[in-house]
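Contents: one structure, followed by commentary.
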Amino acid sequence: MRETLIDTRTIAMRFLEAGEGPLVLLCHGFPETGRAWRHQVAALASAGYRAVAPDMRGYGGSHAPEGTGQYTVVHAVGDMVALMDALGEDRAVIVGHDWGATVAWQAALMRPDRFRAVAALGVPMMGLPPLPPSRIFPRSEEALFYTLYFSEPGLADAEFARDPRLTLLKILHAASGEAGPRLPGDGTPNPFGMVRRGVGLLADLPEPPALPAWLPEAELDRMAAAFAASGFTGALNYYRNLDRNFELQQAMAGARVGVPALFLIGERDTGLSIPGMAEIIAAMPELVPDLRGSHVIPGAGHWLQQERPEAVTDALLGFLEGVEG
């Protein structure tokens, strides 16, 4: 594997790359970098694919535009198209996790001529809500949903930047399978739930006595160094464009993802605690007619491609083999 920095017509992007063959683009989520896909980059390359895992805009070694409005999902999809052009590639299978899954779904929806298949981890394809997201997410006098907390300029930015390594350790552990089964009412800390006003996100998350088995200390240190250099503002700006995305996506209202698709989620993913998520996942075939699999990975939490790399790689290779015909 090699890391490369390349100028595209949208931004300069750093990416992890290996292999030759059909292109597979791997889009990470919050709060990670392209190295979250290190296991899959190596395995895909060995299987005869060109695997490319970029640091998304605002993350790691990729450029972080200053304007908050430069972080819509349309900008992110544009980055993927621009990256493909800079790499000399006409088409790709796009794979995403967390925010990267949202980008992957929208890329397949908007540009099926460039993205011939899509695989998403953790975030299902969803239809447009009836109202802007900021008017739907819960809030009270005592607490507010994490996306609303993230959307407040400067608030989470400052909290997370005080100790990037501890921030990452707490969030990664709390959303992992090791944190617990995350059953309704079991009290398992959830970094992607409600945040107490005036307290912040991290105070209610435990500091684990040891690193999760799937997270080598060297990888945590690399990730912490990346966020120490970049800060968290670029990453949080994706959340600050949720209502803007709602406006922009009206142009695609009613459209369905027509390319082959795969969905994976961990049995203990924090997203499954959101009311109605199981029904959204079950209803995906209405929006994704060529959904070729929807699988729950036992025991895994939110960081699926790192927690269960073999299971994710096997599912991706099987899906890719079917796409290749």
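The values are calculated or read from the model by the stated rules, or taken from the named source; none is laboratory data. Small disclaimer: the values here were computed from a predicted structure and weren't measured. Cβ: placed from backbone, ideal geometry, glycine included. Neighbour counts: every protein chain shown. In case anyone asks, the SASA skips ligands and DNA or RNA and just uses the protein heavy atoms, side chains included. Shrake-Rupley method; radii C 1.70, N 1.55, O 1.52, S 1.80 Å.
What the table shows:
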{"read-out": "Relative contact order %, the chain, counting alpha carbon pairs below 8 Å whose residues are six or more apart", "value": "20"}
{"read-out": "Value of relative contact order over segment 23-72, rounded to a whole percent, pairs C-alpha under 8 Å and six or more apart", "value": "37"}
{"read-out": "Residue-wise HN-Hα coupling along segment 225-242, computed from phi with Karplus coefficients 6.51, -1.76, 1.60 (Hz; x: Gly, Pro)", "value": "5, 5, 6, 5, 7, 8, x, 9, 5, x, 5, 6, 5, 4, 5, 6, 10, 4"}
{"read-out": "Stokes-Einstein D in µm²/s, Kirkwood radius over Cα pairs - segment 263-325 at 20 °C with 1.002 mPa s viscosity", "value": "170"}
{"read-out": "With at most 15 other Cβ atoms within 10 Å, longest stretch of the chain clear of loop trypsin sites (Lys or Arg not before Pro) (DSSP)", "value": "10-90"}
{"read-out": "Value of Rg to Rh for segment 175-303 (Rh from inverse mean 1/r over Cα pairs, i.e. Kirkwood)", "value": "1.00"}
{"read-out": "1.4 Å probe accessible area per residue over segment 181-261, in Å²", "value": "49"}
{"read-out": "Options I297, L272, P309, ranked by Cα towards positive dipole end of segment 270-325, top entry (Cβ charges)", "value": "L272"}
{"read-out": "Estimated 222 nm signal from helices in the chain, with DSSP H stretches of n ≥ 4 weighted -39500 (n - 2.57), rounded to 500", "value": "-10000 deg cm²/dmol"}
{"read-out": "Heavy atoms of M252: accessible area, 1.4 Å probe, square angstrom to 10", "value": "60"}
{"read-out": "Within the accessible area of segment 179-325 (1.4 Å probe), percent carbon and sulfur", "value": "55"}
{"read-out": "Fraction of alpha-carbon pairs over 37 Å apart in the chain - percent", "value": "8"}
